[in-house]
Amino acid sequence: MDDVATPLRERSARAARIAPAKFAHVVLKTANYAAMIEWYATVLEARVVHESPFITFLTYDDEHHRVAVINAPDSAPAADGAAGVHHIAYTHASLGDLLATYRRLKDGGIEPVRCINHGPTTSMYYRDPDGLRVELQIDNFATTAELHAYFQSREFADNPIGVIFDPERLVRDYEAGVPMAELVRRPPLPAGVTPLDMRRERSPA
């Protein structure tokens with residue numbers, strides 16, 4: 001319970017830091033209102049908790065909403081090279097969940113534009129109907145300490161972007177019973193390429 005009796009100046013002064021308790025939601029403005037609602041409901045397995053001609057709220061867990069979509073028919077699409085949000089990311093509980101989601105979405109005609117093992121994560125990037133990148137990922141390490149250590153490693157310093165992978169091959173290896181540690185281990189860069197080459201995307205399906 002919040003200590004409402006403590007003056008706010010005193011609370012701020014005695015606290016080492018007051019950071020947010022969690023990241024709550026994203027709000028998207030679009031001229032593709034129906035398509036955006038359907039896409040996020042499909043990709044995130046989200047349900048609509050409120051819908052109106054102006055705004056729709058969706059959630060996939062016990063949070064009241066994780067995504068809101070604002071209907072803005074006159075809004076222009078964002079230029080791909082413009083400053084702003086590059087992508088938003090969602091973490092799955094396991095590699096099996098991520099790959100099952102990949103299969104489900106592919107069967108419905110939604111395919112990733114880039115699949116990359118960053119090192120800390122195994123990630124699949126999609127583009128929503130407005131072109132915003134949405135990353136579906138898993139953590140590649142079992143503990144936060146291991147993740148933090150990898151960020152400080154020489155391997156990550158040499159290549160902070162990652163290595164592109166073939167999702168169909170990953171599915172086959174997973175279903176063949178390849179050990180998890182091997183499935184999520186980041187491979188070396190292919191010969192003759194640089195980390196910047198790993199930024200390439202294919203056109204969405």
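If packing is taken as the average count of other Cβ atoms within 10 Å, what order do 116-125, 141-150 fall into, highest mean first?
116-125, 141-150
Among residues other than Y174 whose Cβ falls under 14 Å from its Cβ, what is the net charge (Lys/Arg +1, Asp/Glu -1)?
Net of charged neighbours comes to -2.
At most 13 other Cβ atoms within 10 Å and a DSSP loop assignment: could you name the trypsin sites (Lys or Arg not before Pro) in the range 62-158 that fit?
In loop regions of the range 62-158 (DSSP not H, G, I, E or B), there are no sparsely surrounded trypsin sites (Lys or Arg not before Pro).
Any chance you could check the Cα centroid distance between the range 170-203 and the range 84-138 for me, in angstrom?
Here the two parts' Cα centres lie 14 Å apart.
Which one of L132, A79, P112 is farthest out on the positive end of the charge dipole of the chain, using unit charges on Cβ (Lys, Arg +1; Asp, Glu -1) and the Cα centre as origin?
A79
Whole number please: convex hull volume per residue, Cα atoms of the range 98-205, in Å³.
So the per-residue hull volume is 114 Å³.
Could you work out the mean projected area of the convex hull around the alpha carbons of the range 22-76, in square nanometres to one decimal?
Computed as one quarter of the Cα hull surface, the answer is 3.7 nm².
Could you give me the radius of gyration and the Dmax of the chain, taking only the C-alpha atoms into account and expressing both in angstrom?
Cα radius of gyration and Dmax of the chain are 19.9, 63 Å respectively.
Taken together, the values in this text are just the output of simple stated rules run on the coordinates, not laboratory data. As the structure is a prediction and not an experimental result, all values here were calculated from the model. All Cβ positions, glycine included, derive from the backbone under ideal geometry; neighbour counts span all protein chains shown.
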